[in-house]
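Shown next, in structure tokens, is the structure this report addresses.
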Amino acid sequence: MIGKDNKVLNIIRTHRHSFWILTYVAVYMIGFHLLESAGHVHYHIIHTWLDEQIPFCEYFIIPYFLWFGFNVAVVTWIVFKGTVQETYKVSAVLMMGMTIFLVVSLLYPNRLDLRPDYVDTSNICGMLVALLYKIDTPTNVLPSIHVFNTMALCFAVHGNRQLREKKLVTLASDILGVLIILSTMFLKQHSVIDVSLGLVMSVMLQMIGDRIFETPAEQALAEERAYGRRSGQVTD
């Protein structure tokens, strides 16, 4: 029993830097709930003609829901298998994006009017879509956190040396990422506008995260590659 207790305490001690992630998630969920429950709010409609060209497809509910497991799997791997620097980077990027989302939702309340009037619930996918529509309102969708987090997680997978060497893992991550992003539009959960902004925000914040949390080894490698390009030699 003592040995087990010591093992648990050792895990807590060596990974205490990651516990503020759980704290932020709790704060974010509270903030999101307050925004969703705000009454008498004038919402700006997010809509483009391109959204109307994308058909509704209930089967995309599968990758849409896989997003939740993808979040847990990648963050858990980075925390326990990655470096402290990687944990700080992915956490900071995710927190910055999710905080921006809360601020935008507060200052620019928005909603969609894309959902179909009828969903066929004769199959399991249709039933899951109906459940999703029931528990998730079409409000405060800009920029898409589903898209932003997906991109941040894919960047984290490619940034981790162990995962990067597993080609099937990175390929599966990329394919799942594309399917998740597409699912937000085919399920009419997001507009092309907030999907595009989610993509742009993910790239911009990832660049900031790379700059802030760049290790000396990464900086030296980047300088070596830059020198190789200037001299006409490409280094890996």
Sort Phe213, Phe56 by heavy-atom solvent-accessible area, probe 1.4 angstrom, most to least. Phe56, Phe213
With every protein chain left in place, what is the accessible area of Leu197 in Å² (1.4 Å probe, nearest 10)? 80 Å²
Tensor-based shape of the range 79-198 (alpha-carbon gyration tensor, a/c under 1.5 rounded, otherwise prolate or oblate): oblate
Between Asn110 and residues 5 or more places away or on another chain, which pairs have amide H atoms under 5 Å apart, with H built 1.01 Å from N, and which residues are they? His44, Asn140, Val141
Order by accessible surface, 1.4 Å probe, largest leading, for residues Trp20, Trp49 comes to Trp49, Trp20
Go through Asp117, Asp194 and list them by solvent-accessible area, largest first, probe radius 1.4 Å. Asp117, Asp194
Over the heavy atoms of Lys167, what accessible area does a 1.4 Å probe trace out, to the nearest 10 Å²? 140 Å²
Determine ³J(HN,Hα), in whole Hz, for all residues of the range 187-201 in sequence, where each value follows from phi through the Karplus function 6.51 cos²θ - 1.76 cosθ + 1.60 and θ = phi - 60°; x replaces Gly and Pro. 8, 6, 8, 9, 8, 4, 5, 6, 5, 4, 5, x, 5, 4, 4
Solvent-accessible area of Tyr133, probe 1.4 Å, all protein chains present, reported in Å² to the nearest ten, please. 40 Å²
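The values are calculated or read from the model by the stated rules, or taken from the named source; none is laboratory data. Computed from a prediction, not measured in an experiment: that's the story for all the values here. Protein only, heavy atoms only, side chains kept; ligands, DNA and RNA dropped before computing areas. Shrake-Rupley method; radii C 1.70, N 1.55, O 1.52, S 1.80 Å.
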